[in-house]
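The values are calculated or read from the model by the stated rules, or taken from the named source; none is laboratory data. Being a predicted model, the structure only gives us computed values, none of them experimental. Reconstructed Cβ throughout: ideal geometry from the backbone, glycine too, with neighbour counts over all protein chains shown. Only protein heavy atoms, including side chains, enter the accessible area calculation; ligands, DNA and RNA are left aside. Shrake-Rupley method; radii C 1.70, N 1.55, O 1.52, S 1.80 Å.
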Amino acid sequence: MSFDRQIKIAPSILSADFANFGQEIQAIEAQGADWVHVDVMDGHFVPNLTFGPMAVKAFRPHVKTVMDVHLMISPVDSYIDAYADAGADVLTAHIEAGPHIHRTLQAIRAAGMKAGVALNPGTPAEAVAHLLDLTDLICVMTVNPGFGGQKFIDMTSKIRQLRQMIGDRPVHIEIDGGVDPKTAPLVAEAGADVLVAGSAVFRGGSVENPDVYGKNIKEIRDAAKGTWV
Ligand code: DX5
Ligand code: ZN
């Protein structure tokens, strides 16, 4: 995985057809997805439950780009090896999920993955001040995690602050929640480069009608680049 700050669109398969993940992943990639975002929820850290490492491992052969696994689980550390074995490229843990995020990030890298840290809307940018050299991605939640289709919470000042703190380190800023062609330019302008979008990508499309995914992805990308009309 090489590093750049180009805008990357990462559709969240939380909004895909749960009976058809393989084909949905192939469809979004064929339609221009840069990364595939996989939301793991445990019904404990967040009030919703999705899938675990066995399902993520089954997704792996379908993902030709980057498998970006967002853990909304607590505890994290005892599952790191399982997600490495499942083939995650990026593994992101929430800073709020336990007392030892520093150790968690070290363990994710030691297991051979890129290490991400996610911040809930109520968590300040300063919380990652001592983690910047241990992380490859900071995920700024623009909704309270747990469900797709929620209303965007404006975190642009936090994004700007993080962009400054990161400086020239190779650390992505990822935005997760309520990203669509209206909100994408706000977060891109503030310094984000990875845009997760669930409902705004899958809305109106299907594996039988995948062109809609392509149109939705393009609209978000063009909006982020300031070229959407
Ligand atoms: C929220 C998840 C998101 C979610 C985004 O808890 O982490 O990845 O799928 O969904 P939208 O884009 O619909 O807000
Ligand atoms: Zn997510």
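The residues of segment 1-19 that are without any contact (Cβ under 8 Å) to a residue 60 or more places away in the chain and polar (S, T, N, Q) amount to a single one, Ser2. Report whether or not Val69 is out of contact with any Pro (no Cβ under 8 Å at 6 or more places or on another chain), among the aliphatic types (A, V, I, L, M) and either assigned to a strand (DSSP E or B) or open to solvent by 10 Å² or more (accessible area, probe 1.4 Å) (or both). Taking the combined requirement at face value, the residue satisfies it. Could you tell me which of the residues Asp4, Asp85, Asp81 is part of a loop (DSSP other than H, G, I, E, B) and surrounded by fewer than 21 Cβ atoms within 10 Å (Cβ to Cβ)? Step by step, each of Asp4, Asp85, Asp81 is checked, and only Asp4 is part of a loop (DSSP other than H, G, I, E, B) and surrounded by fewer than 21 Cβ atoms within 10 Å (Cβ to Cβ). Take the conditions closer than 17 Å to Thr135 by Cβ, under 14 Å from the mean Cα position of the chain (by Cα) and open to solvent by less than 10 Å² (accessible area, probe 1.4 Å) and apply them to Leu91. Does it pass? The answer is yes for Leu91.
So which of Thr156, Thr123, Thr135 ends up being without any contact (Cβ under 8 Å) to a residue 40 or more places away in the chain and over 18 Å from Val187 (Cα atoms)? Before you say what the answer is, go through the steps one by one.
Working: Thr156 fails: over 18 Å from Val187 (Cα atoms); Thr123 fails: over 18 Å from Val187 (Cα atoms).
Among Thr156, Thr123, Thr135, only Thr135 is without any contact (Cβ under 8 Å) to a residue 40 or more places away in the chain and over 18 Å from Val187 (Cα atoms).
Residue count for segment 13-44, restricted to those that are more than 16 Å from ligand 2 (Cβ to nearest atom), assigned to a loop (DSSP other than H, G, I, E, B) and charged (D, E, K, R): 1. Counting only residues that are more than 13 Å from Val194 (Cβ to Cβ) and either of a type in the set (Ser, Thr, Tyr) or modelled with pLDDT under 95 (or both), which one in segment 136-179 is farthest from ligand 1 (Cβ to nearest atom)? It comes out as Ser157.
Within the span defined as segment 145-152, every residue fails to be open to solvent by 70 Å² or more (accessible area, probe 1.4 Å) and more than 16 Å from ligand 2 (Cβ to nearest atom).
The C-beta contact set for segment 72-94 (first residue on the phi > 0 side of the Ramachandran plot, second residue open to solvent by less than 10 Å² (accessible area, probe 1.4 Å) and not charged (D, E, K, R), distance under 7 angstrom, 6+ apart or interchain) comprises Gly87/Met67.
Per-residue answers, yes or no, for (1) under 18 Å from Ile13 (Cα atoms); (2) basic (Lys, Arg); (3) not in a helix (DSSP H, G or I):
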site	(1), (2), (3)
Leu131	no, no, yes
Ile138	no, no, yes
Gly146	yes, no, yes
Gly149	yes, no, yes
Ile159	no, no, no
Arg163	no, yes, no
Glu189	no, no, no
Lys215	yes, yes, no
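Would you point out the residue of segment 187-229, among those that are open to solvent by 10 Å² or more (accessible area, probe 1.4 Å) and among the aromatic types (Phe, Trp, Tyr), that is nearest to ligand 2 (Cβ to nearest atom)? Looking at the filtered set, the residue picked out is Phe202.
Per the conditions (1) among the charged types (D, E, K, R); (2) within 20 Å of Ala111 (Cα to Cα); (3) open to solvent by 10 Å² or more (accessible area, probe 1.4 Å); (4) within 15 Å of ligand 1 (Cβ to nearest atom), the sole criterion not satisfied by Asp42 is (2). Just to be sure, is Gly178 surrounded by fewer than 22 Cβ atoms within 10 Å (Cβ to Cβ) and in a loop (DSSP other than H, G, I, E, B)? No.
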